[in-house]
Each structure stands twice: as structure tokens, then as C-alpha cells.
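The values are calculated or read from the model by the stated rules, or taken from the named source; none is laboratory data. In this text the structure is predicted, and so the values were computed from the model without any measurement. Cβ: placed from backbone, ideal geometry, glycine included. Neighbour counts: every protein chain shown. Surface accessibility is based on the protein's heavy atoms, side chains included, excluding ligands, DNA and RNA. Shrake-Rupley method; radii C 1.70, N 1.55, O 1.52, S 1.80 Å.
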Amino acid sequence: MRTQLPLRPYDVVLIGGGIMSATLAMLIKHLEPSWSIAVYERLPEVGAEASAAWNNSGTGHAGLCELDYTTENPDGSIDIEPALELNEQFQLTRQLWASLVQSGVLRKPETFINPVPHMTLARGRQEVDFLRRRHETMSAHHLFANMRFSDDPEVIAEWAPLLTTGRGDSEPIAATRDITGSDVDFGELTGQLFHWLRWQDVEIHRSCEVRGLRRNNDGTWQLRVDWRTDNDRLTRKVDARFVFAGAGGWALKILQKAGIPEAQGYGLLPVSGRFLRCDNPEVVARHEAKVYGRAPAGAPSISMPHLDTRIVNGDRALLFGPYAGANPRLLKRGSLFDAPASLRPGNAGAIAGMLKSNSDLMRLLVTQVASTRKKQLAALRDFVPEARAEDWTLITAGQRAQIVKPDAERGGVLEFGTEVVAAQDGSIAAVLGATPGASTAPVILLEVLERCFPRYTRLWEPRLRELMPSLGQSLAKDPRLARQTQARTAEALGLAGRVVG
Ligand SMILES: Cc1cc2nc3c(=O)[nH]c(=O)nc-3n(C[C@H](O)[C@H](O)[C@H](O)COP(=O)(O)OP(=O)(O)OC[C@H]3O[C@@H](n4cnc5c(N)ncnc54)[C@H](O)[C@@H]3O)c2cc1C
């Protein structure tokens, strides 16, 4: 192993080559084209971890189908605020992608996003009643005006025949359907963004792992990068004024190496995800939707079962799952020591408290690991009653790293969202957590920009508005603007654009 002398200080260094780094680098290149940017990715390819097409479900999360974004209030009314917030965030994502397609940064939209209706399935009287009331509340809002409800099995059979064929009529069912939903290939999107960045003189170094990080006397950061070539391995020291840890499940590890106080107390719970995948064209042709159901009692939202149409490289397939399980890795291609190595005196209490207050979840994750093929098929047949075992193959998706935070009462709590953690001086930042993740990357990264470059906020605003025209305005409160924006991005991205109300 050889060690090389420091290279020039970069304005920006991004650790990790997933959708987060790709999106942030692209935004910075639009805002400050002269800034020097380098990306270091430990794998030989970019977009090969959680962002890869088959490592996630490819749902363009817009609050249309996921039950966990709507809850019932004690008075029986339905709180749709979280769904509205998510929808607004995805509308910004759509605007950004539409602008990038129009300016030629991204290729034809069908290479990475396709219209796929989003549905929610309810089974049993209680769930059907909830779904009906949820639909009444949601469809009254202009952002969800396209949502349809039916408790008629014949209508549901028209929408998604795999759900109804062979299903007895012993329990009532109902469904909602919104045709404005989408399937996204985040891996392809990541690849296209990096392709463009390479042409903008952004250095993208693959097979390069950032192993160490320390502050220089002038406040910049020095990164120790392990550089692998076919027949050599060298260590380089790289200086940066700003560091973004877009390292997915390893982002906390980077912050811990940096030693910033803002990261203290945070822990991570790794959760593995497996899915059943079907490529039989006859079965695939009979389903075109992403259908979400309710997670089993006591299980977290990440175990919400869903049956997805996936469109990857122009080929269609179906995905069912997830079968979430326990696994100590924080990246799919991480190490068995990841979770233990992330333990620190500052977060051990939070982890212990979280494990204690989530014992049902821990049991579920452990039992899911040992789940038999028979049980996996039984869960699938709850959705697709006539599913044949020979059509479905088990695949392993990406690792989720859920956030654990200290809590005064319980010691530690498990969170299912994403969170930006940044040093007070704005010189380093990271995104922790997995959901809704890739769909809302632009909003998450706007927060990184705001917190880390506050002096530039006003200067950058007009350029950001060119990319996302509704930025700073509320689509939830402005039906006309919402209609115009949805119609414009639907056209630019080839999505279903019928907007009512
Ligand atoms: C099972 C599953 C289903 C999901 N479904 C959806 C969905 O339907 N819709 C949605 O919007 N989101 C979904 N997500 C979330 C989404 O996939 C993630 O939020 C998103 O891909 C995270 O992107 P990222 O760039 O932060 O991380 P990643 O794509 O994981 O990229 C991180 C990169 O950093 C590299 N790296 C790490 N450490 C280092 C280091 N020290 N040096 C150099 N490189 C390093 C890794 O090799 C990796 O390439 C899902 C996630 C999972 C796991």
C-alpha cells in the first residue's frame, strides 16, 4: 500500500454514489458551476446500493397509497396532513425531474419514471370502513382529487384482477386507485445524473472508500481515501471545504469518524428486506398498479405489504413484499460488524431503550428471517389468491438503516423518516434514515443546502425556482397552481395527468 500527498482542496466532496449524492452534486453544479466537486464511491459502480432498481420498491412516494401517512383521530376524523406534506414534496421532485428532462440532463422520462396507478387495498369490515372515510377526506382535497374508491369486487377486478381472482366473498374488500402514481427506477436516475456530472467536470472516483476524516486547522476536512485499482491499493488524502456523507447506511459511521457533536446520541437499526419477484409475462400482464395494504398488527410501516408493477430497462415485472428481517449490516454490501461497530457510549442508552420498547418489532424481525417459503407464499396469497409458487422467486433488496434517537422517557425511539444531520458550521452534513427516501431526495437536499450554505440562500433562490417553479409556494393551499404544476410535470414526464377539481 502506498500513501500519496494531499490533492488540492475541493469545494465539495461527496462520499457515496447513490441518489442523494447524485442529486446534491447536480443541484450544486446548477447553482455554482465553478465549484470543484469530487465523489468517492466504494463499489465499482455508482447507484448499486439502496438506490439500485431492485434494491428498493421504486414507488414514487406521493401519499396516494401508503396507509401510514393517514391516521384516525380520536373523534373518528382522518388526519391527512402527513400525506399532503409528502405529496407536496413529491410534486417538487417531479418539477425538478421535468426541468432536467427538458434541459437534457436526464434522458427520456420513460427510462426512469413510468405511470403506474397507486392503490390501497382494505380487507375486513373495519379496514373497509376506514378506507372509505379516508377516501372521503382525501378526495375532497385538490391534490388527491383523482383518487377513486370502490367496494365492488367487480370494479376492483377491473383495476387489478390478480387481487380478486380466486378470492372468496367471505370478507368484504375495498380499494382506492389513483392513476397519477408512478414507478421510478432510482438506479437508472442515479446513473443518468452521474453521467451528466462527469461532463460537467465533476470527478467521480469508483472503488474508492473513505476510511477516515479529520478537521484541518483552517476548518476544512481531510479525508483518507482507500483507492483500489486492478493491481494496487493506495491511500490518498483529500481536502474539502464541504463534505456530504451520502453514504446510505454508512452515513452515521462517517459522522462518527468526523466526531461532530450534532451526531452524538444517534443510532441505527438495520432492517433487511426481501421480496418475491415474478417475471412470468402472463402474470405480469394482468397487473398494473402498486397496491399497498396494512402492516400486520404491531409491525412498523416498513412492513406494509405491497404488490408492485416494476418497470426496469423497459421490462415489466412484479414485486411483492417486503419480508423485513434482522441483519446487522448497514449496507447490503456492508459488514456483519456494522451495527455493533456503530455503538458508542453516546448512543448505547438510546439503542437499549429502543430495543426494550420495541420488543414486538424485534421478535417480528427475527422470526421473519426464519420465515419459510410456505409462510412467504401465504402472505403473497393474501394479496394474490391464485399465486403459483413457481412464478415467484425470492430476491434480497437493500438494507434499511432506521434512525434511533435518544428519548427522555423511553431511553430511545425508533424513527421511520429521514433526517438531515449537519455540523453547526455547515462544513459537513449527512442524511440518515430510509423513508420516503429517494422520492423526496430534492427536498431533503434543499434542507442540506439551506443549513450548510445559509449565506447563499437568497442568491440561489431564482436558479432553484427555474428548476422547481413552485418552490416556496404551497400547492396544498393553491388549487390553481397545483393543477397547472401537476399538468405540466405530467406532460414532461409522461405521467397520467388527468386532474379533476
Ligand atoms: C427495501 C427498500 C425499499 C425502498 N423502497 C423505496 C421506494 O419504494 N421509494 C423510495 O422513494 N425510496 C425507497 N427506499 C429508500 C431509498 O432506496 C433510499 O432512501 C435511497 O436509495 C438512499 O439513497 P442514498 O444515496 O442515501 O444511499 P445509497 O443508494 O445506499 O448510496 C450510498 C452509497 O454510498 C457508498 N458508500 C458508503 N460508505 C462509503 C464510504 N465510506 N466511501 C465511499 N462510498 C461509500 C455505498 O457503497 C453506496 O453506493 C427503499 C429502501 C429500501 C432498502
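Results, tabulated for the structure shown:
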read-out	value
Cα-based convex hull, the range 351-501, per residue volume (Å³, whole number)	222
Accessible surface of the chain, 1.4 Å probe, proportion on carbon and sulfur as whole %	50
Whole-Hz ³J(HN,Hα) from phi, Karplus 6.51 cos²θ - 1.76 cosθ + 1.60, for the range 104-111, glycine and proline x	x, 5, 9, 7, 3, x, 5, 6
With Cα atoms, 0 to 90° folded angle of helix 373-383 axis to the chain main axis	60
Label-to-label distance, nm, for residues given as LYS237 and ALA140 (7 Å Cα→Cβ offset)	6.4
Compactness of the chain as Cα Rg over 2.2 N^0.38 Å, two decimals	0.97
Computed label-point distance, nm, for sites ASP79 and ARG458 using a 7 Å Cα→Cβ extension	3.7
Solvent-accessible area per residue, Å², over the chain with all protein chains present [probe radius 1.4 Å]	42
Percentage, to the nearest whole number, of Cα pairs in the range 266-417 over 22 Å apart	45
Mean Cβ count within 10 Å, highest first, over the residues of peptides 452-461, 42-51, 195-204, 58-67	58-67, 42-51, 195-204, 452-461
Distance between modelled label sites at HIS195 and GLU154, nm, 7 Å Cα→Cβ extension	4.8
With Cα atoms, 0 to 90° folded angle of helix 81-102 axis to the chain main axis	60
Equivalent ellipsoid, the range 418-501 (semi-axes from 5 times Cα gyration tensor eigenvalues, Å)	29, 16, 11
Computed E for ASP407/GLU282 - FRET, C-beta separation, R0 51 angstrom, nearest 0.05	0.50
Percent of beta bridges antiparallel (DSSP, the chain, rounded to nearest 5)	80
